[in-house]
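J.: Have a look at this one before I ask anything.
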Amino acid sequence: MARYVIIGGVAGGATTAARLRRLDEKAQIILFERGDYISYANCGLPYYLGGTIEERDELFVQSPEKMRAAFNIDVRVRSEVTRIDRAKKTVHVRKVDTGQEYTESYDKLVLSPGANPVKPPIPGIDSPGVFTLRNVPDMDRIEKAIKGTRAKRIVIVGAGYIGLEMAENMHRRGIFVTIVELLDQVINVLDFELAAEVHQHLKSKNVEFYLNDGVTSFSREEATRREPSREGGGIRVRLKSGRELSTDLVLLSIGVRPDVALARDSGLEIGSSGGIETNAYLQTSDPDIYALGDAIETFQPLINRKMLIPLAGPANKQGRIVADNIVFDNRRRYPGTIGTAIAKIFDLTVATTGLSEKMLKRENIPYITSITHSSSHAEYYPGASPQSIKILFTPGEGKLYGAQIVGYDGVDKRIDVFASVLKNNGNIYDLQEIEHAYAPPFSSAKDPVNIAGFVAGNILEGIMKIVHWHELARMSPDEIFLLDVRTAGEYRSGTIEGAVNIPHTQLRQRLDEIPRDKKVVLFCAVGQRAYVAYRILVQNGFENLYNISGGYTTYQYAVQKQSNEDVFEHERTRNSVAVRKKRD
Ligand code: FAD
């Protein structure tokens, strides 16, 4: 009878255990989890805190008892594996409650210990009131603190997916949210111009946020007369910019680091990105030990390199593969993770798959990008909403590298289509050919995915040259003629400085107003009318033409003010006056 031991009982570990049992009814399967809970929904934690998930119990997919009953798995919670003896093929286990230690032997061992939230050595980071969110006890502590302090304010440090999901959920609960982000944008995996749409959305939700700013210290502050309800006072957050924020709670969400302590201590290979190294079968440098989930570095097939991609989908799928490989002796290779992710950020949906422009630049890989704006479904059918799509592809054959979408409805299905094309090594012509299900409430006869493919095809084939919003600033105003082909009304309500307006419908009659000795840079709202105008001009002998990718919509999002410190300046002034008065 085989003996399988699994370390870590949540996403990756519990999936592996269940699949192992389905494949091998006779094996002895022991699952160690140092916490109280197994198989719960980490991804649901922000939504319980925000009240969307009303019942705490809903978060638990399995309990140790149910897992024992349904799968005959020996689940041992509050049991931490402290050491692996690879020579003897045993693990040392410490009972969290009693400190008692014992050993268990294994034939095959599975590591799914996950990751730990990053906590840099900032003064005061361990103060009460400063939280991270990784598991159910973290969630319970935050809930208790919200209730205990009757929290009115939270500072969220780090604007990744978890930080922004928490921002939405705290806001939903009536707590005033301040976000502090070290970079010049939220959600680092997005490129700037799409993140800029998220910035403008956050502004519309009365969320205070600071970009290009970081925390230098946290300290406790006494209860003020102004807010006597705060038991023991609040927290003072000092920022690099010199700003000081006064808050009831802080959530640190600045990323996670793979938990590799056990693996490292037992001499298993750790990869250059800091995760446990595994081969294509998810086997570590010890053939009897497999590893998966957030703790490993995973193969990114688009750049042929190992990376950290901590996501629940890959962890769950890897669990099945590990179980199959244990039982059927390395039958299945893990194809790698391309990094497909999605989040709801207030009313927006933000999704990415594959490589971003930032990554491609870092890797020195040549690429072309194209931005399109489409409607979620036929515009004549009520309820259509805009979607911004950015795709990246190779200059030669148009092989797809990645896609990013910011929108409202239908973002999820489009990103999944892009991800499928990417996974299958597809190119922009495959996007043109996607045969989607169409009726007016769901899409248009040409789906936004098709449109992204058509525009990319035009760029690749030289039917249309494009310029990006950030390249415009580098062009000398003397060498370009900026042509706004929208209507006179649209032009009057805002345009790019220096642009001349000739609506595309009048262009054929007004060709002599356009210089032939300059670069003509055309734009409209999203790029479509400018494309029509472009083709009119080309066929009238104009040569040096460029369409602004994503049009005025993308330009406007990207060039406007991104954060909103000015809006909340008076709040800070008022708070510091209150504190100064108290000190005096
Ligand atoms: P985990 O699920 O973290 O499980 C690891 C377990 O191992 C832990 O319970 C830990 O206690 C236990 N353990 C570690 N060491 C030991 C030891 N020595 N002995 C015993 N037990 C040990 N991903 C998405 O794709 N989409 C989302 O929307 C999403 N939202 C998220 C929201 C939040 C708030 C969080 C925290 C994560 C979210 N994730 C999301 C990420 C996702 O939850 C992780 O990628 C996934 O849980 C990784 O699974 P894992 O098995 O590697 O680690």
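The values are calculated or read from the model by the stated rules, or taken from the named source; none is laboratory data. Small disclaimer: the values here were computed from a predicted structure and weren't measured. Reconstructed Cβ throughout: ideal geometry from the backbone, glycine too, with neighbour counts over all protein chains shown. The accessibility values were calculated without ligands, DNA or RNA, using every heavy atom of the protein model including side chains. Shrake-Rupley method; radii C 1.70, N 1.55, O 1.52, S 1.80 Å.
J.: Please provide three numbers in whole Å: the alpha-carbon extents of the stretch 232-317 along the principal axes, with the largest listed first.
T.: Over the stretch 232-317, Cα extents along the principal axes are 54, 31, 24 Å.
J.: Let me ask you something else. Compute the FRET efficiency between Lys119 and Lys465 as 1/(1 + (r/R0)^6), taking r as their Cβ-Cβ distance and R0 = 45 Å, and round to the nearest 0.05.
T.: 0.40
J.: Can you list which of the GluC sites (Glu not before Pro) found in the stretch 304-392 are DSSP loop residues with at most 14 other C-beta atoms within 10 Å?
T.: Glu363, Glu379
J.: Rounded to the nearest 500 deg cm²/dmol, what is the calculated helix-only ellipticity per residue at 222 nm for the chain, with -39500 (n - 2.57) per DSSP H run of length n ≥ 4?
T.: -8500 deg cm²/dmol
J.: Could you give P(r) for the stretch 253-372, binned at 5 Å from zero, as whole percent values over all Cα-Cα pairs?
T.: 2, 10, 18, 20, 19, 13, 9, 5, 2, 1, 0
J.: What angle do you read, to the nearest 10 degrees and between 0 and 90, between the alpha-carbon axis of helix 161-172 and the longest principal axis of the chain?
T.: So the inclination is approximately 90 degrees.
J.: Hey, another quick one. Keeping all protein chains in place, calculate the accessible area per residue for the chain (probe 1.4 angstrom), answer in Å².
T.: 44 Å²
J.: Right, here's the next one. Positive end of the dipole of the chain, charges at C-beta (+1 Lys, Arg; -1 Asp, Glu), about the Cα centre: which of Leu292, Ala11, Ile175 has its Cα farthest in that direction?
T.: It is Ile175, whose Cα lies furthest towards the positive end.
J.: Taking a threshold of 25 Å on the Cα-Cα distance, which of the pairs Lys26/Lys66; Lys144/Lys240; Lys95/Lys306; Lys119/Lys144 fall above it?
T.: Violating the 25 Å Cα-Cα cut-off are Lys144/Lys240; Lys95/Lys306.
J.: State the antiparallel share, in %, of DSSP beta bridges confined to the chain, rounding to the nearest 5.
T.: Counting only bridges with both partners in the chain, antiparallel ones make up about 55 percent.
J.: Over all distinct Cα pairs, what is the inverse of the mean 1/r for the stretch 359-452, reported as the Kirkwood hydrodynamic radius in Å?
T.: It works out to 13.6 Å.
J.: Let me ask another. Could you tell me what fraction of 2.2 N^0.38 Å the Cα radius of gyration of the stretch 22-147 comes to, as a two-decimal ratio?
T.: My calculation over the Cα atoms of the stretch 22-147 gives 1.26.
J.: I would also like to ask the following. Across the Cα atoms of the chain, what radius of gyration and what greatest pairwise Cα-Cα distance (Dmax) are found, in Å?
T.: 27.2, 89
J.: Which percent of the accessible heavy-atom area of the stretch 122-186 goes to carbon and sulfur, probe 1.4 angstrom?
T.: 56 percent
J.: How far is the Cα center of the stretch 50-93 from the Cα center of the stretch 506-551, in Å?
T.: 63 Å
J.: Follow-up. Output the 0 to 90 degree angle, nearest 10, between the alpha-carbon long axis of helix 448-460 and the longest principal axis computed from the alpha carbons of the chain.
T.: Around 60 degrees separate the two axes.
J.: Counting DSSP beta bridges with both partners in the stretch 55-201, what percentage is antiparallel, nearest 5?
T.: Of those bridges, close to 70 percent are antiparallel.
J.: Now, a different point. By how many degrees, between 0 and 90 and to the nearest 10, does the Cα long axis of helix 11-23 differ from the longest principal axis of the chain?
T.: Around 70 degrees separate the two axes.
J.: Of Val96, Gly51, Leu190, which is farthest along the charge dipole of the chain in the positive direction, counting Lys and Arg as +1 and Asp and Glu as -1 at C-beta?
T.: Val96
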